[in-house]
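Structure, as structure tokens:
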Amino acid sequence: MACTVAVGGRGVEVGMTLVTVEEKALGDGQLALVLTMNRPEAMNALSRDLLEALWAEVERAAVRREVRALILAGGPRAFCAGADLKERKSMTPTEVRTFLRRIKGIMDLVERVPMPTIAAVEGVAFGGGCELALACDMRVLGKGATIGLTECALGIIPGAGGTQRLPRLIGPAKAKELIFTARKLSADDALALGLANHVADVGTAVDRALGLASEIARCAPIAVEAAKAAIDGGLSTGISEGLLLEARAYEVTLYTQDRTEALAAFAEKRPPRFTGT
């Protein structure tokens, strides 16, 4: 278990790796990277130290061309229980504002990485934990998972993107109901609303996410990145601007070796061998 020491006027956790990193081979030198939050005694609540550790690992992953999918995970009891409210009680108002900017920043960072991202959720994902899952491209929930934006029950509102990402995912009326009531959803209810992509057996969310990563790895890397950029860019524009973004993203793929390889493989009736060039 971690202990806490005082550094620069605040507690710093020592004695454990707050984010573990696992490389999972997908074949042909391609990898899925699993980043697992590791504060089990605090239900993976987002402390400043966990936030910084997660930030550093996501930034490292974002520039690795061999990483075809980034999977965020937690423990069996908690994906992430949200912000560490015990730590926040000791913060000054200025420190709270700084922390809120940083926690919003990690959501934006996860959303902007070029490769697909998958949240593998076991246990609880409340508040900021739900917002972290929403920042991912896809979500796989274990059967026993519970997820929700619970901030209004604590006298605040989702402040790390939840009021914006949830309505875009499931529609504004349903999102308002979930946020206004601070409702906690089961995995099956989340799937029915479109909040989850898949529900897996308890303890197998990461395995199911790796299965998705394997499917992604069979497609051309540049094409997948271009498709993600077109989708994400188009969500914040009108249809005309979105179609223009799509056309520009399509242009990126036209002159790649992977497109030439795909055409050759089709003609030769064999699987393509993509290189990301």
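Looking only at residues of segment 36-49 that are hydrophobic (A, V, I, L, M, F, W, C) and surrounded by fewer than 22 Cβ atoms within 10 Å (Cβ to Cβ), we find that the one that is farthest from ALA200 (Cα to Cα) is ALA42.
In the set GLU87, GLU131, only one residue is under 10 Å from the mean Cα position of the chain (by Cα), part of a helix (DSSP H, G or I) and not hydrophobic (A, V, I, L, M, F, W, C); that residue is GLU131. Per the listing LEU185, LEU191, LEU195, the residue uniquely under 22 Å from ILE106 (Cα atoms) and buried (at least 16 other Cβ atoms within 10 Å of the Cβ) is LEU195.
Would it be correct to say that GLU111 is of a type in the set (Asp, Glu), farther than 22 Å from ILE157 by Cα and assigned by TED's automatic domain parsing to the domain that holds ARG165? First the steps, then the outcome.
Working: of a type in the set (Asp, Glu): yes; farther than 22 Å from ILE157 by Cα: no; assigned by TED's automatic domain parsing to the domain that holds ARG165: yes.
Answer is no for this residue.
Can you go through ARG112, ARG102 and tell me which one is over 23 Å from ALA200 (Cα atoms) and at pLDDT below 95? Spell out how you get there, then give the answer.
Values: ARG112 fails: at pLDDT below 95.
Unique residue meeting the criteria: ARG102.
If you filter segment 239-257 down to residues that are in a helix (DSSP H, G or I) and touching a helix residue (DSSP H, G or I) at 6+ places or on another chain (Cβ under 6 Å), you find that the one that is surrounded by the fewest Cβ atoms within 10 Å (Cβ to Cβ) is VAL252.
In segment 214-238, the residue that is surrounded by the most Cβ atoms within 10 Å (Cβ to Cβ) out of those that are within 24 Å of GLU23 (Cα to Cα) and of a type in the set (D, E, K, R) is GLU225. Taking segment 31-83 as the range and being over 21 Å from PRO114 (Cα atoms), outside any loop (DSSP other than H, G, I, E, B), touching a helix residue (DSSP H, G or I) at 6+ places or on another chain (Cβ under 7 Å) and of a type in the set (D, E, K, R) as the test, only ARG48 passes.
The values are calculated or read from the model by the stated rules, or taken from the named source; none is laboratory data. Owing to the predicted nature of the structure, the values given are computational and were not obtained by experimental measurement. Every residue, glycine as well, gets a Cβ built from its backbone with ideal geometry; the counts of neighbours run over all protein chains shown.
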